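To start, the structure under review is shown below, and the notes come after it.
The values are calculated or read from the model by the stated rules, or taken from the named source; none is laboratory data. The structure presented is a predicted model; accordingly, all values stated were derived computationally and were not measured. Cβ: placed from backbone, ideal geometry, glycine included. Neighbour counts: every protein chain shown.
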């Protein structure tokens, strides 16, 4: 995901230093571009397993979206340049 969204590399070291899964969700959620409702729901989920499952679902959706945007951009950019 870092290569799909380069600005995230700034928080990579912080993420690597976190050893507590709940804290990882707290740190990641506000900076990932999730909607306010998604972020609030994630941060309000107290139980760790559902919280991390929700985080994985949101991140997976973002990866799929970013990959689709990259493919579309690669497809249309050559046509625009000609």
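Some points to look at:
- Any hit, region 32-47, residues being at positive phi and surrounded by 12 or more Cβ atoms within 10 Å (Cβ to Cβ): yes
- Residues being part of a loop (DSSP other than H, G, I, E, B) and either touching a residue at least 40 places away in the same chain (Cβ under 8 Å) or over 13 Å from the mean Cα position of the chain (by Cα) (or both) - total across region 14-58: 6
- Criterion violated by residue 4 - all others in (1) loosely packed, with under 11 Cβ neighbours inside 10 Å; (2) at pLDDT below 80; (3) not in a helix (DSSP H, G or I) satisfied: (1)
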